[in-house]
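Since the structure comes first, as structure tokens, the remarks are kept for the end.
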Amino acid sequence: MSRSLLMGAGVTALLTAAALASGQAAEIGMNPLLPKWTGSYGGIPPFDKVKVEHFKPALEASMAETLKEADAIANDPAPPTFQNTLAAMEGSGRTLDRVSNVFGIYSNNMSTPEFQAVETEMAPRLAEFGDKITQNEKLFKRIAAVYDARESGNLTPEQKRLSWLVYTNFVRGGAKLGPEAKKRMSEINQRLASLYTSFTQNVLSDETTYVLVFDRESDLAGLPDSVRASAAAAADSRGHKGKWAVLNTRSSVEPFLSYSDRRDLREKVWRTFVNRGDNGDAKDNNKLITEILHLRAERAKLLGFTTHAHWRLENSMAKTPERAMQLLEAVWTPAVARVREEVADMQAIADKETRSGGIPAAKAGSTPAAAEGDDAPKRGREDEVGAKVKIEPWDYRYYAEKVRKAKYDLDENEVKPYLQLEKLREGMFWVAGEIFGFHFTPVTGVPVYHPDVHVWEVKDASGTHVGLWYFDPYARPGKQSGAWMNAYRTQEKFERPITTIVSNNSNFVKGKPGEPILISWTDAQTLFHEFGHALHGLSSNVTYPSLAGTNVARDYVEFPSQLLEHWLSTPEVLNRFALHYQTGQPIPRALVEKIERAATFNEGFDTTEYLASALVDLKLHMAGGKTIDPDAFERETLAALGMPSEIVMRHRTPHFGHIFAGDGYSAGYYSYLWSDTITADAYEAFTEGKGPYDKAVAKRLRDNVFAIGNTVDPADAYRAFRGRDPGIDALMRKRGFPATGSAPSAPSQN
Ligand SMILES: [Zn+2]
């Protein structure tokens, strides 16, 4: 069966019907989201033609088309085969893939109120659509028949893997349930889709509206020039010319917390940030979370699982929440012990400052001119000159910088002038050349959804086109906080070769036009991290799109990305690309040595804030069907764990988008540590060899990890790369914790 014929017929039929019904033939016929992408590079998304009003009719038409395609496969009179069932399914839904990809891009990057209204309406309908496919009984029977016969036919290993994946996903989605349970399942999924949308929009609203604007220079005490410049630009772009703004996003908040001498303002900024989604107003997420957890627990029961966590982890490397928990707990104890040491170091500095006449901050008395929506309780001025400072969460980053300076003679502000965003991007390209043989060239004339987005063409060592890389670096209203990678199109070759289109998105604060953007070391690591995901997508060389690129187990997908972070600190990158923004001089060797000596500095903080989020996530989703008050659950869980009072969760429950913006990372935030266990072990393959640029190890990595997508069980793939299973000791070494010797080995996935 020809996919293109099928699709062409579907589109035409639907457009005609819709046009007749609405009498708007011309407008609907011109919906730019529906046709195949045209232009160079195998077609590119028509961002220049897309308008928000196109999404709803395009989603409706493409969902209807895909349902027809599914019915055609289900009703095929020929006996089920891999080709007429699974390959046909891989070839179907092309229009919907294109439309929903652009829809997702708008949701993450261009979320205007106008768009949010469409999203709110369409999210449950997309969920309903998904269930209609999963609950198509004739279709599932054919899938099951192909799956059952997979060993007796002539299927390739990749075809067997796809049979397993599709069959498993259908069963996990409820394909084997009775009619009543299926109906309930679909109701739950639709309601969840609405709740996820509201949750995300609420967090975005709190990140956009709760901006702290300062109008006095004294409010900026302690801030380095680069942070002041960003704050001025942020205020300017929001209509507060001549003032300074701290946006309620991580990239804005963390530098302020690290350097502001104004303890009162640090607290204010910190409270505004950690209370996103938790302000008791119309955008409060607590009630939504209670309902999400309830519905997830009910759904897991319907599907025969003890809890949502057990359902989610069934097809992960960890397999069970208990095994994931075991890893988290193994690292928790040394991490908290390290926090105690870090706090003691910080307290000593704070005490010394108190004795010597106080913190400069305490002398300034002004408050922000405009603290829109700030609900921080007014606290007594406990930071008056000479008063004893007890390290609080809004002090941690600030005093950590002072300890870093005292212990390692390392000042992050000394490093930052060498970390220019554009130079580091060139550094990433260089690493991609060394390890993957990729070559990046900027291209023009490719439509983008915002003028800040730029596009590069990627070619392999032989000069063959591999894909496109879109880069959207800056924060803007309507863009989600944080950093991520996205695939606009995945690689495949079963009908004809199709190359991938990937993007990296982050939230750097845009400086003045023409001035280089200086970023922190952590942000530079994040930059490399997301680029690792992009390289995973770009390296993909598989047959079927469902198995391509980053479509791997959740607790494996962070391995390629975290691995790439390691190349940032290699001398090869730093000497070439960590160049001073004024002098152009490379970062001095002495400074690099200081960075290396301080590599595990503050690891207690970093690991503990992460683990707290990962543990609360798992515990929330292992709690079963009982009614949960998120604030109380979080408080009690952290108390029971012995959470240090000086730290909060990296993502507090009311804005924990990883786990409540969708199912994706729910009961899955542990994945970062699971993956990092593998990452640390994998990087040692390089250091045990000829170093980070060892060509032979790089080839094994490409062949067994980056290129294969989900065509091989990840545990087997890792063994092929490393010759053995990963152990935990490399992780402990990487983080500077004492080794435990207990290794979470990775069982086979199917
Ligand atoms: Zn990642």
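The values are calculated or read from the model by the stated rules, or taken from the named source; none is laboratory data. Please read all numbers here as calculations on a predicted model, not as lab measurements. Because the Cβ atoms are built from the backbone with ideal geometry, glycine has one as well, and the counts that use them run over all protein chains shown. Surface accessibility is based on the protein's heavy atoms, side chains included, excluding ligands, DNA and RNA. Shrake-Rupley method; radii C 1.70, N 1.55, O 1.52, S 1.80 Å.
Some observations on this one:
- Dipole orientation for the chain: of the candidates Leu327, Ser316, Tyr672, Ser316 has the Cα lying most toward the positive pole (charges on Cβ; Lys, Arg +1; Asp, Glu -1).
- In order through segment 190-199: 3J(HN,Hα) via Karplus (6.51 cos²θ - 1.76 cosθ + 1.60), integer Hz, x for Gly, Pro: 5, 5, 4, 4, 5, 5, 4, 5, 4, 4
- Loop-resident GluC sites (Glu not before Pro) (DSSP state other than H, G, I, E or B) in segment 125-170 with no more than 10 further Cβ atoms inside 10 Å of their Cβ: Glu151.
- Ranking His655, His294 from most to least accessible surface, computed with a 1.4 Å probe over the protein chains only, gives His294, His655.
- Computed over the Cα atoms of segment 97-226, pair by distinct pair, the Kirkwood hydrodynamic radius stands at 18.6 angstrom.
- Nearest 10 degrees, 0 to 90: helix 286-302 Cα axis against the chain principal axis: 40 degrees
- Dipole check for the chain: with +1 at the C-beta of Lys and Arg, -1 at the C-beta of Asp and Glu, and the Cα centre as origin, the magnitude is about 680 Debye.
- Euclidean distance between Cα centres, segment 525-588 to segment 413-431, Å: 13 Å
- Helix 250-259 and the longest principal axis of the Cα set of the chain meet at an angle near 10°.
- Helix-derived mean residue ellipticity, 222 nm - over the chain, DSSP H n ≥ 4, -39500 (n - 2.57), to 500: -17000 deg cm²/dmol
- When nucleic acids and ligands are ignored and a 1.4 Å probe is applied, Arg589 ends up with an accessible area of around 110 Å².
- Rg in Å to one decimal, and Dmax rounded to a whole Å, for segment 161-207 via C-alpha atoms: 15.3, 43
- Here the ratio of the Cα radius of gyration of segment 516-573 to 2.2 N^0.38 Å is 1.30.
- Note: relative contact order over the chain, using C-alpha pairs below 8 Å and six or more positions apart, is 15 percent.
- Mean projected area (nm²) of the alpha-carbon convex hull when segment 35-110 is viewed from all directions: 6.1 nm²
- The listed peptides 112-123, 237-248, ordered by packing as a protection proxy, come out as 237-248, 112-123 (highest mean of other Cβ atoms within 10 Å first).
- The charge dipole of segment 252-330, taken about its Cα centre with unit charges on the Cβ atoms of Lys, Arg (+1), Asp and Glu (-1) only, comes to about 120 debye.
- Here, P(r) means the percent of Cα pairs in each 5 Å bin from 0 to the largest distance; for segment 638-718 it is 3, 11, 14, 16, 15, 11, 11, 11, 6, 1.
- Degrees separating the helix 3-22 axis from the principal Cα axis of the chain, which is the longest one: 80 degrees
- Segment 426-490: mean projected area of Cα convex hull, nm²: 5.3 nm²
- 12 Å beta-carbon shell around Glu558, net charge (K/R +1, D/E -1): -3
- The ratio of the alpha-carbon radius of gyration of segment 403-515 to the globular-protein estimate 2.2 N^0.38 Å is 1.31.
- For segment 561-675, the direction-averaged projected area of the alpha-carbon convex hull comes to 9.8 nm².
- Listed cross-link partners Lys138/Lys319; Lys283/Lys390; Lys690/Lys734 are compared with a 21 Å cut-off, the Cα-Cα value being larger for Lys138/Lys319; Lys283/Lys390.
- Computed over the alpha carbons of segment 222-308, Rg followed by Dmax gives 19.4, 60 Å.
- Segment 204-235 and segment 656-688 have Cα centres spaced 32 Å apart.
- With bins 10 Å wide beginning at 0, the percent of Cα pairs of the chain falling in each bin runs 3, 13, 24, 28, 20, 9, 3, 1, 0.
- Stokes-Einstein diffusion for segment 155-277, with the hydrodynamic radius set to the Kirkwood value over Cα pairs and evaluated at 25 °C in a medium of 0.890 mPa s, equals 135 µm²/s.
- Virtual spin-label span in nm between Thr627 and Ser152, 7 Å along Cα→Cβ: 5.3 nm
- Gyration tensor over the Cα atoms of segment 265-359: the corresponding equivalent ellipsoid has semi-axes (square roots of 5 times the eigenvalues, largest first) of 40, 24, 7 Å.
- By the equivalent-ellipsoid construction on the alpha carbon gyration tensor, segment 96-158 comes out with semi-axes of 37, 15, 6 Å, ordered largest to smallest.
- When restricted to Cα atoms, segment 423-579 yields an Rg and a Dmax of 15.4, 48 Å, respectively.
- About its Cα centre, segment 581-738 has a charge dipole of approximately 580 debye under the convention of +1 per Lys or Arg Cβ and -1 per Asp or Glu Cβ, with nothing else charged.
- Translational diffusion of segment 49-168, estimated by Stokes-Einstein from the Kirkwood radius over alpha carbon pairs at 37 °C in a medium of 0.692 mPa s, is 208 µm² per second.
- Neighbours of Ala193 by Cβ distance under 14 Å: Lys/Arg scored +1, Asp/Glu scored -1, total -2.
- From phi via Karplus (6.51, -1.76, 1.60), per-residue ³J(HN,Hα) for segment 720-734 in Hz, x at Gly/Pro: 5, 6, 9, x, 6, 6, x, x, 8, 4, 4, 4, 4, 4, 4
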